[in-house]
Structure formats: C-alpha cells, structure tokens
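Reviewing the structure listed below.
What follows is calculated from the coordinates using simple rules that are stated; it is not laboratory data. The structure displayed is predicted, hence computed values, not measured ones. Positions of Cβ are generated from backbone atoms using ideal geometry, with glycine treated the same way; all protein chains shown enter the neighbour counts.
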DNA sequence: TGACAATAGGTGTATATGCACAGAATATGC
DNA sequence: GCATATTCTGTGCATATACACCTATTGTCA
C-alpha cells in the first residue's frame, strides 16, 4: 500500500504537504525560519500591523493555531504584539526590524525553493496545481 | 493577502491539507477516528502485521511521527504492538478486533467524505488532483 | 442605560510533525 | 569469531494543528 495506492484525498493532501514542507524547510534552514513562519512574516510586512483574528482570517487559518505559531517569532524578537488602544481586546502584531532582516534572507531562499520546484515539476503544471489546491480547499467549505 | 494570493507551493499544500483534513475529521467524528488514523488502520488491515519502519516506508511517513501516531491507537486498544521473535529490534503492529470494528465504521463515513468531495470538486478533477499531489511529493525527493 | 449579543484573545488538552541523539539487535566482512 | 556497519526503535525537544471552554471588551437595542 504505497501512498501511490491510497485513494484518500485528505491523506494525499497531507502527504504532499509534509514533503513540500520538508523541501522548503530544508532550503530555508540557513535563515532559521520555517516556511510557515515565512508566510506569516511576509503577510505582516505587506499588510502592516494586523490583529491576530484579522491575520487568521486573511490566511484562512485557525485563530488559536496562528496565535501559537506567533509565539516563537515573538520570543525571538521577529515580531511584536501590542494591545490596541482603540480596542483593548485586540493585539496588533507587527514585524520588527530584526524580523524584516530575517525575512529578507528567508525570502531569497524561498525563491530558490520555488524555482527548484517549478524546475522539477514544470512551471505551468505548478501554477495549475496551485489553483487546484485553492479550489480543493474552497470545495470543502460548504 | 488572501491565501488566494500567496503563491507559495508549500503554503498552499498545507492550506489544502488543513482544510481537507478538517472536512474528513468532522465527517469521521462519530467513529472516534481521525483520517490520519483511519489510513494507518486500513493499511494494517490490508497488509497484515507490519513493523513500524515498514509501515513508515510504505506510507512515506517519518518513522518517529508514525511511531507517535500509533500510540493513541494502541492506548485505546485499536492495535497491538509486539516484539518480533525473529528480530528482537522489530515491533510488529497489528489490528485488534476492536480496531477492525472501529475501522469498519470509520470507512463508511470515509466513503461519504470521498463522495461529497468528488461531488463538490468533480470526480475526474479530483482524480487528477490526486495524481498531481503524488507527483508533487515525488518531485521534491531529489 | 442596562441587559445581552458579538467579538478578540488566552488556555488546556490532544494529535501531528520531524530533527538530533541514543541504545539495542542484527548483518557483514575479514 | 570479532570488529564494524547497518537496521529498528525510543526519547527529548520544538513547532503545527484545532477543539472546547474561558475571560474581557465592545457593540446593540429596547
């Protein structure tokens, strides 16, 4: 029962997710940032300070998962979390200068990973896969 | 930065994996078994008692991850792990009758999930996605 | 304004993931 | 047969994931 034989959509999505994550994490290793963390840092860089809930909705991630994913990044000084003044429930997350530096390094390695994947898998094929992954996730939100 | 805008292959694989897993886990909930666990139980049913390493290779999973995934199933009596007599390093994992019962129930629900996904996503499209997921995982093993 | 709903976030618990390191048993080669 | 390499598994650690339940704050509306 090679995974090539397991017809479960969820299992194969998990399987691909594991292997792609390992590939990216190994490539990103010199930066000390993982691919999940890179995404968070990058969104924060592009969309400025964001509340945890807003960030979670933006990435379609579970709120509590995101909150815990932010902890090591805050601990290592890559980002800051401060209570909002207008709304004291909110905790706005923003990138620190250290975080920006790390992100810059990580992004270079990330581009390498993207290119290497496209090289092995095919550029157009990879683009289509991206669309299908998004559509598959959307298909189960009903 | 909706995930529909993040062009990272790893992130989108993770994203789809999370959402598909949630969909399957919710469907399987009445059986008390998760989709990751169902796969393990099913392989053990089909391929008989297997050592942990053999099972891990079969599913292309990390050995230590698999070992830990087996623990709750052993704890709950769905499977047994016994030291092999020919090779005392080995620990053979096999389904118990209780495990088979649970598996049977879970498989019914799993089929429902498979059908519902295919209904929403398209049967042929889903088949193609499966192939592409397998190919993508294979593409990064170089 | 005061009751109640809705929103933002935190915590406890459980599973999932994988790396580095370690120990025990077996296989190999001389 | 013995030294060595290989194989099989376990453990410590850290991150990732998400559900249930909780508190605090803000919004709504009669």
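From the square roots a ≥ b ≥ c of the eigenvalues of the alpha-carbon gyration tensor of the range A:23-142, which class results: rounded (a/c under 1.5), prolate (a/b over b/c), or oblate?
On the way: a/c = 2.62, a/b = 1.36, b/c = 1.93.
Oblate.
For the range A:115-142 and the range A:1-47, what is the separation of their Cα centres, given in Å?
For the range A:115-142 versus the range A:1-47, the Cα centre distance is 13 Å.
Looking only at A:77, A:32, A:122, which one moves most when chain A is put into a Gaussian network model with springs between Cα atoms under 10 Å?
Evaluated over chain A, the most mobile residue of the options is A:122.
Go ahead and set up a Gaussian network model of chain A, Cα springs under 10 Å, then flag whichever of A:103, A:78, A:129 fluctuates most.
Largest GNM mean-square fluctuation: A:129.
Closest to the B-onto-A rotation axis, which residue of chain B has its Cβ, and how many Å off the axis is it?
B:17, 2
Just to be sure I understand: with springs between alpha-carbon atoms less than 10 Å apart, which residue in A:35, A:43, A:82 has the highest mean-square fluctuation in the Gaussian network model of chain A?
It is A:82.
Going 7 Å from Cα along the Cα-Cβ axis for the label, what nanometre distances separate residue B:131 from the same residue across the other copies?
Copy-to-copy label distances at residue B:131, shortest first: 1.7 nm.
Tell me whether the protein assembly as shown comes out rounded, prolate or oblate; compute the Cα gyration tensor, take square roots of the eigenvalues as a ≥ b ≥ c, and use a/c under 1.5 as the rounded threshold. Write out the running numbers ahead of the final one.
Details: a/c = 1.69, a/b = 1.66, b/c = 1.02.
Prolate, because a/c is 1.5 or more and a/b exceeds b/c.
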